[in-house]
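Note sheet for the following structure.
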Amino acid sequence: MGERVLQGKIWVLTDSRGSLIEDIDTDQIYHNAHLHITDTAQMGPFALGNLEGWKDFPKKCGAGDILVAGRNFGAGSSRQQAVDCFVALKVGAILAPSFSAIYFRNAVNSGFPVVRGLSLETWVSQGKLRTGDTLRIDVITGEARNVGRGLPLEVAPMSRVQLDIYEAGDLFKYGKALA
Amino acid sequence: MGRTVIEKIIAAHTRDEVRPGRIVWMDLDVRTARDFGGPNVVKNFEREYDDAPPADARKTFFTFDLCAPACTIKSADNQQACRDFARKHGIEVYDVDRGIGSHVLIEEGLARPGTTVVGTDSHMNILGAVGCLGQGMGDVDVAFAFKTGKTWFEVPATVKVVLKGRPAPRADAKDLTLFLCRELGTKTIALAAAEFYGEAVRRLDFAGRVTLCSMVTEMAGIIGFIPEAENRSEVQADPDAEYADVVEVDVSELPPQVALPPSPNTVKDLAAVKGLRVDSGFIGSCTNGRTEDFARALEILEGHHVRKGVMLKVVPATRKVYEDLLGKGILQALFECGAIILNPGCGGCAEGHAGLTGKGEVEISTGNRNFPGKQGLGPVYLASPAVVAASCIRGEVAGPEDV
Ligand code: SF4
C-alpha cells in the first residue's frame, strides 16, 4: 500500500564527472548472472552490482532512501528482478527524467514508486540535489522539496492509473479490488 | 485537436482522456500468449485467480511458434501446461503446426485495422502493418489481460517519418527497412509511435508492410503504421494531428542494405560487405516469411544451386504460407535448388528451434535481430531474401546482380 508522501535520503547516480548517468540498463542494475535467484529478499545485494562506481550501493543504502538517476533508466531486457532488487533493499522510490517503457510497466505493476522529474538534470548540475540531501515528494500533486536546503522542486505527479495500482499494492490487487 | 493513428485507436478503446504522456485503461480485443512466456502467464493466472475463468475465452489465445514442435522436454512440458489451461477454460490454441503467432492472428482476421492486441512477443507491434495496435508485454501484464480484458497504456507521442524519392529498382522492402534502422537508429522514434509516409511505403505490398513494421522494435519505437498504404482502409490520422517530430529520410536510388553484427542498426550498403564468406543462410521469420519473400528468393535461385558446403534454411512463417508455397510449386523448386525446408514457425530466429549457428559460422539471414548469441554463437548478417539467396549460391555475401 503506497504512501502518498515519500521522504528519504537521496542517492544521486552520477559518474566521475558528476553528471547523472543516462541509459542505465538492466544488466547494470541486476546482472543476468543472478537471474536464477527467485526469492526477492535475496536480490538486494546485487542491486547496481554492475554499475561502475556504485557497486557498493546495497551496503550504503538504507530503507526509504530515494534513488535519482539519468534518463532512460532501466533500458534493455524485461527482467522484473531489476525492479525487485530495489524492493528488497526497501528503496523508497526512483526518480528519473524518463524510464524505459518496460521498466516503467514492471515497476508500476509491482506497486513500486517510479517518479519522473523532467528538470532533474538541471537541478543536479546546479547543485540543488546532492547525495545525502533529504527529499520529500508528494506523488499526487508532484510537489517536492529538498528538505535540508529548503528548496521547492517539482516532479510529474503520478497519473490516475499509476496511483490506483500504487495505492492497491500491485496490479493484481488493484484488479481484484475492481471486481 | 486532431488525432494521430494511435491516438484514434486508443480513443476507441478507452473512456480516459487520450493525450501523449497520459496513461489510460485500454480495452483489448485480443490477448495472447506464446510458448515462451505462456507458462508464466498460466502460473501467474492460477496463483492470483485459481480456477476463475478469463474475461472472455473467445478473445484469448495461445500461439506456439518458438519451439515448434517442441525440441526439448522442458518446452514440451511448457506447451502442455498451456494446453491444459486452455482446455479447462475453452481457450483456442494455435498449436505447433500453425506458425508465427502474430501472422496467424492476421490470417485469422483477429488482428484487424483499428483493433487492440497484446501478447508475450516483443514483435507484436508487427500488427501495425494492418493498422492494428499490437503490443508485446510481460507475463504479469498478459495474465492480467487474460483475466480482465484490459491493460493500462501510456499514450505515446507520434513521429511522422516521410520517405522521399524512390529506391533503386533492385532494392526491396527489407532494404528500405534496414536503411531506416540505419538512419533512425534507436533514438529518433524511441518510445514513440511512427507513421510512415511517402511513395516508397505507399506501394509496398502486404509482405513488404509486414517487413517494415516488424523492425520498428529494432528502432526502439512503440509501433509503426503505414496509413496511406495503397488499397487499404487503415485508420487515418487527422490532417491537424500533432506530431512530436517530423523526420524526412531520402531513399532515392537506395541500393540493397545489409546489417552487420552486432546490431540491426549497424547497416551498410551491400557493396561494402560483398565477398565475405558465408556458411549458412536463413530465409524466414516474422520479418520475411511470407509467400512473396520465398518467391523472390526463388527468382534468384532458379537455374542455380546452393553452393556445396553452404546450408540454406527455409522457414515459412505459417502453415497457410507453407500451403501456398506448396500449391505454387515454390517449395519443390527451392528444395531442388538445395534448400532445407523446415516446418512453419520462428525457426532459427531465436534460440528454441532448428537452425542455430555454431562459433565462427557466418550466417546471412532475413531475420530482424543479430545481437550476439540470439541465433547461436556465429556472427549474423541481416539482409533481404534476394541477397540471402544470391549469397548462398556464391558462398559469399552477394547481390542478385552477381549470380
Ligand atoms: S520470428 Fe523471431 S522475432 Fe519474429 S516472433 Fe519469431 S522469434 Fe520473434
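The values are calculated or read from the model by the stated rules, or taken from the named source; none is laboratory data. The model shown is predicted, which means the values in this text are computed figures rather than measured ones. Positions of Cβ are generated from backbone atoms using ideal geometry, with glycine treated the same way; all protein chains shown enter the neighbour counts. Please note that ligands, DNA and RNA were not included when accessible areas were found on the heavy atoms of the full protein model with its side chains. Shrake-Rupley method; radii C 1.70, N 1.55, O 1.52, S 1.80 Å.
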Quiz item: Tell me, what HN-Hα J-couplings in whole Hz come from the Karplus equation 6.51 cos²θ - 1.76 cosθ + 1.60 at θ = phi - 60° for each residue of region A:113-130, using x for Gly and Pro?
Solution: x, 10, 10, 9, x, 5, 9, 3, 4, 4, 4, 5, 5, 8, x, 7, 10, 10
Practice problem: Evaluate the relative contact order of region B:142-220 (contact order divided by residue number), counting alpha-carbon pairs under 8 angstrom at least 6 apart; express in whole percent. | Solution: 41 percent
Quiz prompt | Computed over chain B: relative contact order in percent, which uses C-alpha pairs under 8 Å that are six or more apart | solution = 17 percent
Exercise. Please work out how much length the chain gains when fully extended from B:ALA333 to B:ASP27, using 0.36 nm per residue of separation minus the C-alpha to C-alpha distance, in nm with one decimal.
Key: 105.6 nm
Quiz item: Which value in nm describes the separation of the simple spin-label points at A:LYS60 and B:GLU253, placed 7 Å from the Cα toward the beta carbon?
Solution: 5.6 nm
Quiz item: By its C-alpha gyration tensor, with a ≥ b ≥ c as the square roots of the eigenvalues, how is region B:95-228 shaped: rounded for a/c under 1.5, else prolate for a/b larger than b/c, else oblate?
Solution: prolate
Quiz item: In debye to the nearest 20, how big a dipole does the protein assembly as shown give about its Cα centre with +1 on each Lys and Arg Cβ and -1 on each Asp and Glu Cβ?
Solution: 860 debye
Self-check item: Lys, Arg +1 and Asp, Glu -1 on Cβ, resulting dipole of region B:29-173 about Cα centre, debye, nearest 20
Solution: 560 debye
Exercise. Evaluate the relative contact order of region B:1-118 (contact order divided by residue number), counting alpha-carbon pairs under 8 angstrom at least 6 apart; express in whole percent.
Key: 30 percent
Quiz item: Which shape class, rounded, prolate or oblate, goes with chain B when its Cα gyration tensor gives a ≥ b ≥ c as root eigenvalues, a/c under 1.5 marks rounded, and past that a/b bigger than b/c marks prolate?
Solution: oblate
Exercise. Report the calculated FRET efficiency for B:LEU377 and B:GLU299 (r = Cβ-Cβ distance, R0 = 22 Å), to the nearest 0.05.
Key: 0.10
Practice problem: In nm, give the distance between the simple-model label positions of B:ARG47 and A:LEU35, each being 7 Å from the Cα along the Cα-to-Cβ direction. | Solution: 1.8 nm
Exercise. Over the alpha-carbon set of region B:107-156, work out the extent along each principal axis and list the three values in angstrom, largest first.
Key: 26, 26, 17
Quiz item: In chain B, with Lys and Arg counted as +1 and Asp and Glu as -1 at Cβ, which of these residues, B:ILE126, B:GLY2, B:VAL310, has the Cα nearest the positive end of the dipole, that is, farthest along it?
Solution: B:VAL310
Practice problem: Give the shape of region B:298-403 as rounded, prolate or oblate, defined through the alpha-carbon gyration tensor: a ≥ b ≥ c are the square roots of its eigenvalues, a/c under 1.5 means rounded, and otherwise the shape is prolate if a/b is larger than b/c and oblate if not. | Solution: oblate
Practice problem: Using just the helices of chain A, give the 222 nm mean residue ellipticity in deg cm²/dmol: DSSP H runs with n ≥ 4 each add -39,500 (n - 2.57), and the total is spread over all residues, rounded to 500. | Solution: -6500 deg cm²/dmol
Self-check item: Neighbouring partner chain Cβ atoms per residue of A:151-162, average, 10 Å criterion
Solution: 2
Quiz item: So if we plug the beta-carbon distance of A:SER16 and B:PHE206 into 1/(1 + (r/R0)^6) with R0 = 60 Å, what FRET efficiency do we get, rounded to 0.05?
Solution: 0.70
Quiz prompt | Per-pair calculated FRET efficiency, R0 = 41 Å: B:ARG232 and B:THR186 via Cβ, rounded to 0.05 | solution = 0.90
Practice problem: Over 14 Å, how big is the tail of the calculated P(r) for region B:307-358, in percent of all Cα pairs? | Solution: 54 percent
Practice problem: Could you state how much accessible area A:LEU118 has, in square angstrom rounded to the nearest 10, with a 1.4 Å probe and all protein chains kept in place? | Solution: 140 Å²
Quiz item: In nanometres, what is the gap between the two model label sites at A:GLU121 and A:VAL5, each 7 Å from Cα along Cα-to-Cβ?
Solution: 3.2 nm
Quiz item: Tell me, in nm to one decimal, what length is gained between B:VAL162 and B:ASP240 on full extension, where the rule is 0.36 nm per residue of separation less the Cα-Cα distance?
Solution: 26.5 nm
Quiz prompt | Too-long pairs where the Cα-Cα distance tops 29 Å, listed order kept, from B:LYS8/B:LYS313; B:LYS59/B:LYS164; A:LYS176/B:LYS43; B:LYS160/B:LYS313 | solution = B:LYS8/B:LYS313; B:LYS59/B:LYS164; B:LYS160/B:LYS313
Practice problem: Could you please tell me the mean projected area of the C-alpha convex hull for the protein assembly as shown, averaged over all directions and given in square nanometres to one decimal? | Solution: 26.0 nm²
Quiz item: How much solvent-accessible surface does B:ILE73 expose, in Å² to the nearest 10, with a 1.4 Å probe and all protein chains in place?
Solution: 150 Å²
Self-check item: Size of charge dipole - region B:221-277 - debye, nearest 20, with Cβ of Lys, Arg +1 and Asp, Glu -1, no other charges
Solution: 760 debye
